[in-house]
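For reference, the structure discussed in these notes is given below.
The values are calculated or read from the model by the stated rules, or taken from the named source; none is laboratory data. Predicted, not measured: the structure shown is a model, and the values here were computed from it. Glycine also receives a Cβ, built like all others from the backbone with ideal geometry; neighbour counts cover every protein chain displayed.
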Amino acid sequence: MKISSMKYLLGQGIKNVWTNRIMSFASFCVLLVSLLLVGFFVLFTANVNRFISGIENKNEVIIYLNDNVTDEQIEKMGNDLKSIDNISEVVFFSKEEAFEKMKSQYENADELFAYFKDSPLPDSYKIKVGDISKMSQTQMKITALDNSDEKLIYQIKAPNDFANILIELKSTMTLISTAVVVALVVVCMVIISNATRSSVFARRKEINIMKYVGATNTFIRVPFFIEGMITGALAGGAATLLTWFAYDSFIDVLSKEMTLWNALGIKEFIPFDSVVLEVTLCYVAAGAFLGAIGSVISTRKHLKV
């Protein structure tokens, strides 16, 4: 196709947005609502996943060591723990540190623990597991480190039940999120298709006349394609602004009382500023794609003259 023809078709597509502004506005509104439904649910799911990750990050395994361990053995144990793939953090707590921390929890600690000259608590390592789904395997690797005749590890305290609950929760959330997003996309596609079909149907005579005078299918479709793409892109831009305003307002309300959220492992919700570029690109790209494809598909029936 010649450049002059492309310029003409581009101009016609832009012009049609205004010429058929009522139908374009209807398509704009349908696309806007559809994008908002999917966008808000995706943001909600992202915050829920952040909430689950916040709980997951609090997951710790405590390794209590026997009293007969030497400083060299403690150091070697620490290095061995750091070499395990799924362990993200290793912190050593001496028996003295653990005793002082326990005493700080009681007001009359000096009287309660006056008879203890030395700490009655064992040395320990606190580790964080990177992937809780591999909790059992990681615990087995830790146990395998204690393969000497003189056992160094007294006890391993790992929240296996808690890890299993989190794993099931994450799997369930992933399944529900995927199903809802797919359902929303399908519903939105049907609604958008009907809206664009109505827009094209209102101009069926125009299409038939162009077809009778010898216009090719591509020549007829391109202006509709451009019109749908522009309408969808505008809907994507408007969806970004509405999402930004509504999301920030909602988060401001929830953030007024962060005590509960902090207790649940949420330090802060996802700020929209941090994802505004990604959201804008997704909105505009999805809107332009759906608008353009919907318009082109809807013209197919009327091209058969």
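A few points about this structure:
- Residue selected from the range 206-234 under the condition of a type in the set (Gly, Ala, Ser) and under 29 Å from LEU32 (Cβ atoms), by the criterion modelled with the highest pLDDT: ALA233
- Output for the range 124-163, where each listed residue is among the polar types (S, T, N, Q) and out of contact with any helix residue (DSSP H, G or I) (no Cβ under 8 Å at 6 or more places or on another chain): GLN137, THR138, THR143, ASN147, SER148, GLN155
- Condition broken by LYS101, with the remaining ones in (1) over 22 Å from ASN59 (Cβ atoms); (2) at pLDDT 75 or above satisfied: (1)
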